[in-house]
Amino acid sequence: MNVIVSLTISSIAVVVLVLIPLIGVWGLHLHYLFGVVIPYLAAATFFVGIVYRVVDWAKSPVPFRIPSTCGQQKTMPWVKRTYVDYLDNPDSTLGTVLRMVLEILCFRSLFRNTKLQFGSGEKIKYASAKWLWLGAIVFHYAFLTVLIRHLWLFT
């Protein structure tokens, strides 16, 4: 399908979707249907769909366990633990809180993210994904700034 046909079909669909409520409200006086029933049905359909997707996702089997920590030094007494190990594999409430603070404020796991690339032959190369981390940090902190700046409208 070429661009002209695609634009024509899309434009006709938009015009029809605009004309349906206009004719329904002005011509047939179905104010209650288009002003109350259809919006509530749309909202209910949206929320039921979201709940269905979450339940369906929760029921799906997990093929492997995704580790949430980097090391198991606590279980190996001969391995000396550094302060980084206490954050990677916390064994106390304070360590867990500190790890969560770093995760929330710095996206620590995304910073450590690497992508796998197949090289020539059977060689595997690991590449850094620091641009993804930087983009995520910039986006989320900009969004936080906009949110905080807009809070004065609600106080």
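Descriptive notes on the structure:
- A search for C-beta distances below 7 Å between a residue of the stretch 124-138 that is touching a residue at least 24 places away in the same chain (Cβ under 8 Å) and any residue that is hydrophobic (A, V, I, L, M, F, W, C) and surrounded by 12 or more Cβ atoms within 10 Å (Cβ to Cβ), counting only pairs 6+ apart in sequence or on different chains, returns TRP133/PHE107; TRP133/LEU110; TRP133/PHE111; ALA136/PHE107; ALA136/LEU110; ILE137/PHE107.
- Taking helices (runs of 4 or more DSSP H) as the structural unit, those lying wholly within the stretch 84-155 and holding at least 3 residues that are β-branched (Val, Ile, Thr) correspond to 93-106, 130-150.
- The set of residues from the stretch 82-105 being surrounded by 16 or more Cβ atoms within 10 Å (Cβ to Cβ) and among the hydroxyl-bearing types (Ser, Thr, Tyr) comprises just one member, TYR86.
- Any pair with Cβ under 9 angstrom, 6 or more apart, that starts in the stretch 104-117 at a residue that is more than 18 Å from HIS140 (Cα to Cα) and ends at one that is of a type in the set (A, V, I, L, M) and at pLDDT below 85: THR114/ALA127; THR114/ALA129; LYS115/ALA127; LYS115/ALA129; LEU116/ILE124; LEU116/ALA127; GLN117/ILE124; GLN117/ALA127
Yes/no matrix, rows are residues, columns are (1) over 30 Å from THR82 (Cα atoms); (2) in contact with a Phe, Trp or Tyr (Cβ under 7 Å, 6 or more places away or on another chain):
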| residue | (1), (2) |
| --- | --- |
| LEU94 | no, no |
| MET100 | no, no |
| PHE111 | no, yes |
| TYR126 | no, no |
| LEU132 | no, no |
| ILE137 | no, yes |
| PHE143 | yes, no |
| LEU147 | yes, no |
| HIS150 | yes, no |
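The values are calculated or read from the model by the stated rules, or taken from the named source; none is laboratory data. These numbers come from a predicted model, not from an experiment. Glycine gets a Cβ as well: all are built from the backbone with ideal geometry, and neighbour counts include every protein chain shown.
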